[in-house]
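Below is one structure, written out as structure tokens; the observations come after it.
What follows is calculated from the coordinates using simple rules that are stated; it is not laboratory data. For clarity, every value in this text was computed on a predicted model and none was experimentally measured. Neighbour counts run over all protein chains shown; Cβ positions are idealised from the backbone, glycine included.
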Amino acid sequence: MSGAIPVARPDLGPEEAEAVARVLATGWITQGPEVARFEAELAAFCGAPHAVAVSSCTTALHLALLAVGVGPGQEVIVPSHSFIATANAVRQAGATPVFADVALETLNLDPDDVARRIGPRTRAVLVAHQLGIPAALEPLQALCDRHGLALLEDAACAIGSELLREGAWERIGRPRSRAACLSFHPRKLLTTGDGGAILTADPELAAACRRMRQHGMSVTDAARHAAAQVIFEEYTAPGFNYRLTDLQAAVGRVQLTKLPALLARRRALAARYREALAGCPGLVLLEEPAWARWNYQSFYVRLGPDCPRAQREVMQALLDQGISTRRGVMCSHLEPAYADSPRQGLARSELLRDRGLILPLYAALREEELERAAAALRAAVAG
Ligand SMILES: *Cc1c(COP(=O)(O)O)cnc(C)c1O
């Protein structure tokens, strides 16, 4: 057996270390000029008018929910089939997450099921682009418009993914909704260690998030620092400390320059997986629709009804050969933290949780390693 294959690995090099050292030497190490540059470059990359950098995607979601007026007594429709942070952010805003089911073909919210869950307390819909697979936003936006709801995107996984709109490709984060939130956790394509951002076309929403991330302060540190007159700041509303540091932003700026090559590499590796797994009995591969381009944050497969083996057995068979996998995506409603939530009508989410698999995929994955993982999977699903 040759070396172990992890499921994911961040793509970091000496350039990131040099960028951090350069910022350390300046003496301004949190939410300063480097964060401002990162925000501008990120906004340009995604095609968003405004980007507000914060400490994680979870805190980005919290601020975006507050900024569209979500609060106690209200409900927000979310997928249960997502990382638990999607639901937690709604709780954090004081509201109740209402779980809707997803479509098997996209892994994302099924607009018809969302429609069924809208009630008098519904204030917003928070859709995830799961594993970097874009959700079809148009039907959800139409539904939200009809009911006067805010649409928000959990785009934690989706930097670099694209949607076709009126014949042109647009990146996720060029928000069609009120705001899209990104994550820079090491499991995502672009990492700053931890970090996140709110992307929006709405200048007031961006300004509200900027205030809330910094304790509700009326002036920024940068403005006070640059002023020739003494400025006393004001605290206009309760806020939080959700700052991104300049050390992290420096890493993010380097990562952003590498992202186009990284996306191309991932798409090439995903194409190899597709060839290696095509026609494999017992496996279902998701099709990339003509209207979306995935960033392949993960290569995802599902065990079909004809696969005689359970998810755990297949994963163990691969692990025994040094190949790490992960169970597809969790279901928040099946976790103890959400034991009191209604759990009817979430059968597709549960099926995906119990039959989904994430295979190793990262820029440094060698093609012979990929072939070894694919061959091991073919053998494992055959039983
Ligand atoms: C990773 C992830 C998050 C959380 O991101 P953090 O930056 O770790 O807070 C939220 N939603 C989804 C769908 C994720 O995959």
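Miscellaneous remarks
- Cβ charges +1 (Lys, Arg) and -1 (Asp, Glu), total dipole of the range 144-263, debye: 260
- Under Karplus coefficients 6.51, -1.76 and 1.60, residue-wise ³J(HN,Hα) of the range 357-362 in Hz, glycine/proline x: 9, 10, 9, x, 7, 6
- Neighbours of Pro33 by Cβ distance under 13 Å: Lys/Arg scored +1, Asp/Glu scored -1, total -2.
- Annotation: extensible slack from Arg9 through Arg378 equals 130.5 nm (criterion: 0.36 nm per residue apart, minus Cα-Cα distance).
- Counted by neighbouring Cβ atoms within 10 Å, the residues Thr30, Thr191, Thr236, Thr59 run from fewest to most as Thr236, Thr30, Thr191, Thr59.
- Put simply, the amide H of Leu151, placed in the peptide plane, has neighbours under 5 Å in Val125, Arg178, leaving out anything fewer than 5 places away on its chain.
- Candidates Gly73, Gly27, Gly328: whichever shows maximal mean-square fluctuation once the chain is modelled as a Gaussian network with Cα springs under 10 Å: Gly27
- Net charge in the neighbourhood of Pro139 (other residues with Cβ under 10 Å of its Cβ; Lys, Arg +1, Asp, Glu -1) is -3.
- Antiparallel DSSP beta bridges within the chain, percent to nearest 5: 65
- Neighbour cut-off at most 11 other Cβ (10 Å), DSSP loop, GluC sites (Glu not before Pro), the range 188-261: Glu234
- Spatial offset of the range 1-28 relative to the range 117-145 amounts to 35 Å, using the alpha carbon center of each.
- Within the listed set Glu287, Glu138, Glu350, the residue fluctuating most in the Gaussian network model of the chain (springs between alpha-carbon atoms under 10 angstrom) is Glu287.
- Counting only whole DSSP H helices of the chain, the ones at least 27 Å long by C-alpha along their axis and with mean Kyte-Doolittle hydropathy no lower than -1.0 are 246-277.
- With an a/c value under 1.5 for the gyration tensor axes a ≥ b ≥ c computed over the alpha-carbon atoms, the range 71-211 is described as rounded.
- For the range 281-383, the set of trypsin sites (Lys or Arg not before Pro) satisfying both a DSSP loop assignment and a count of at most 12 other C-beta atoms within 10 Å is given as Arg366.
- Remark on Arg165: its backbone amide H falls under 5 Å from those of Glu170, a criterion applied only to residues 5 or more positions apart or on other chains, H modelled at 1.01 Å from N.
- Listed by Cβ neighbour count within 10 Å, with the fewest neighbours leading, Arg266, Arg272, Arg22 appear as Arg22, Arg272, Arg266.
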